Amino acid sequence: MALLWDLLWPALAFLVAAVCLLLVWAVCYHFFTTEVPPGICQPLKIRILHIAMSVGFALEYIFWKMGLCKAFTILRILTDGIPPMADPSLFIKDAYFEDVLVRVYKVKRPSPEKRKGIMFFHGGTGTVGSIDAYERVCRYITKKSDTVVVSVGYHLAPEYQYPTQFRECLSATTFFMKTAEKYGVDPAQIIISGDSFGGLVAAYVVQELVRRPHFPKPRAQILISPLVQCLDFNLPSYQQNHFVPIVSCRVFLLFISWYLSTSKTLLEYLENDSFMPKDVITKYQKWLHLDHIPEKLQMQGPVQNTSPLTSPFNNIDFLIKTLYQPTIGPLLAEDEVFSQLPDTFILTCEFDVLRDDGLLYKKRLEDNGVRVSWCHLKDGFQGVFYFFSHWFLSFPCCNVGVDNVVKYIKSL
């Protein structure tokens, strides 16, 4: 026993020292590379969470390089979090819609009429996030709006590459719309929703559905901090929030590049905003113009200038073309599609790189006669829905955002 302790003691001491050094590095890294602007919700808590995320990223990378786990394993475990206690007022069941895992939430008490149905696509840039990570949000929306919520557990990259996630979510949605009455849902009252990357998927799914002339049209779409274009990563919101936690511009672009490809070259092009051919930029510039963003949001905060690269596209040309397809860029759809879109709720956050994506999508919808409800969280940041009701991780702006969504659902 003494011999075993003599062997374990140095290893334990080394492990403790390594963790301490990692924590010191994370603290230093945070204070030298991030900016917490005045006005953001609970800045001290934001700093603590960002330091914890930095440690998680570092551990993920170390263990992955050592061959101890696959890419994103630790991050996925952390984002899934601790599951909430059972709720006796809800019926919750996992099922498969066209071979796609979903979780159905429904209030147990009977309803005198058919309920509204909500398809929900979680966030996580297509690489992390899950049904479990958004369990609390879906439960809350189900109870407060008395709806049937279907949360879709689409497969993640890099194990399942783009466009698997879009195909699975579209397939699950069409299945639910065809079988809605089986779940006590009015087929004419189905709402498509999503958060962040899930907002991108939701916008894509709705556009695909309205392109089908003989298919029922969704009642509405709810887009939470949506990513809707990949042509311009130099919009004011990207510049102003370049170093703002919890999801900085660098981290966001890193995850997007991982989702689309393992190519480091792609990340360099995304980061420097110089990857699109001039003819593409010219064609779509009218929808990306800064005049479509409220003036009060255009020049706030620090500006991060980027310089273009001169290297050719070479082997990533196919991936570059992907970025202006309808799947990954619903903002770029033609007016004919936009004019058919249903009523829309858009939530944006002040301290979010994706803020201007939501504003540009709002403008295009309004220009095409679509009724839009807009909620802007002045102290919000990317990920407010994920942090909702996560005990000490929750923020006041999380409650405000989710309650506004519930209010909108009930108004339909």
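The values are calculated or read from the model by the stated rules, or taken from the named source; none is laboratory data. Bear in mind that the values here come from a model prediction, so they are computed numbers and not experimental data. Glycine gets a Cβ as well: all are built from the backbone with ideal geometry, and neighbour counts include every protein chain shown.
Listing for the model above:
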{"read-out": "Subset tally (residues that are surrounded by 17 or more Cβ atoms within 10 Å (Cβ to Cβ) and assigned to a loop (DSSP other than H, G, I, E, B)) for the stretch 368-382", "value": "2"}
{"read-out": "Answer from Phe197, Phe176, Phe166 - the residue that is out of contact with any strand residue (DSSP E or B) (no Cβ under 6 Å at 6 or more places or on another chain) and buried (at least 22 other Cβ atoms within 10 Å of the Cβ)", "value": "Phe197"}
{"read-out": "Residue selected from the stretch 387-412 under the condition among the small types (Gly, Ala, Ser) and modelled with pLDDT of 95 or more, by the criterion nearest to the chain's Cα centre (by Cα)", "value": "Gly401"}
{"read-out": "Residue check, Phe351 surrounded by fewer than 22 Cβ atoms within 10 Å (Cβ to Cβ) and either of a type in the set (D, E, K, R) or within 18 Å of Leu49 (Cβ to Cβ) (or both)", "value": "no"}
{"read-out": "Among (1) under 17 Å from Gly117 (Cβ atoms); (2) in contact (Cβ under 8 Å) with a residue 60 or more places away in the chain; (3) not charged (D, E, K, R) - the single one Leu200 does not satisfy", "value": "(1)"}
{"read-out": "Boolean, Gln229 is more than 18 Å from the chain's Cα centre (by Cα), surrounded by 24 or more Cβ atoms within 10 Å (Cβ to Cβ) and either under 22 Å from Ile293 (Cβ atoms) or among the hydroxyl-bearing types (Ser, Thr, Tyr) (or both)", "value": "no"}
{"read-out": "Residue that is surrounded by the fewest Cβ atoms within 10 Å (Cβ to Cβ) [pool: residues in the stretch 241-252 that are modelled with pLDDT of 85 or more and not in a loop (DSSP other than H, G, I, E, B)]", "value": "Val251"}
{"read-out": "Test: residue in the stretch 327-345 that is surrounded by fewer than 18 Cβ atoms within 10 Å (Cβ to Cβ), of a type in the set (D, E, K, R), outside any strand (DSSP E or B) and in contact (Cβ under 8 Å) with a residue 24 or more places away in the chain", "value": "yes"}
{"read-out": "Those residues of the stretch 71-91 which are surrounded by 12 or more Cβ atoms within 10 Å (Cβ to Cβ) and free of Cβ contacts under 8 Å to residues at least 40 places away in the same chain, in sequence order", "value": "Thr73, Ile74, Ile77, Leu78, Phe91"}
{"read-out": "Top-ranked residue of the stretch 383-402 - restricted to ones that are out of contact with any Gly (no Cβ under 7 Å at 6 or more places or on another chain) and within 17 Å of Gly124 (Cβ to Cβ), ranked as surrounded by the fewest Cβ atoms within 10 Å (Cβ to Cβ)", "value": "Leu393"}
{"read-out": "Some residue of the stretch 195-211 being modelled with pLDDT under 90 and either over 23 Å from Asp335 (Cα atoms) or over 18 Å from the mean Cα position of the chain (by Cα) (or both)", "value": "no"}
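Yes/no per residue for (1) part of a strand (DSSP E or B); (2) buried (at least 24 other Cβ atoms within 10 Å of the Cβ); (3) of a type outside the set (Lys, Arg):
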position: Lys116; (1), (2), (3): yes, no, no
position: Met119; (1), (2), (3): yes, yes, yes
position: Thr127; (1), (2), (3): no, no, yes
position: Thr142; (1), (2), (3): no, yes, yes
position: Ser151; (1), (2), (3): yes, yes, yes
position: Glu159; (1), (2), (3): no, no, yes
position: Glu181; (1), (2), (3): no, no, yes
position: Pro187; (1), (2), (3): yes, no, yes
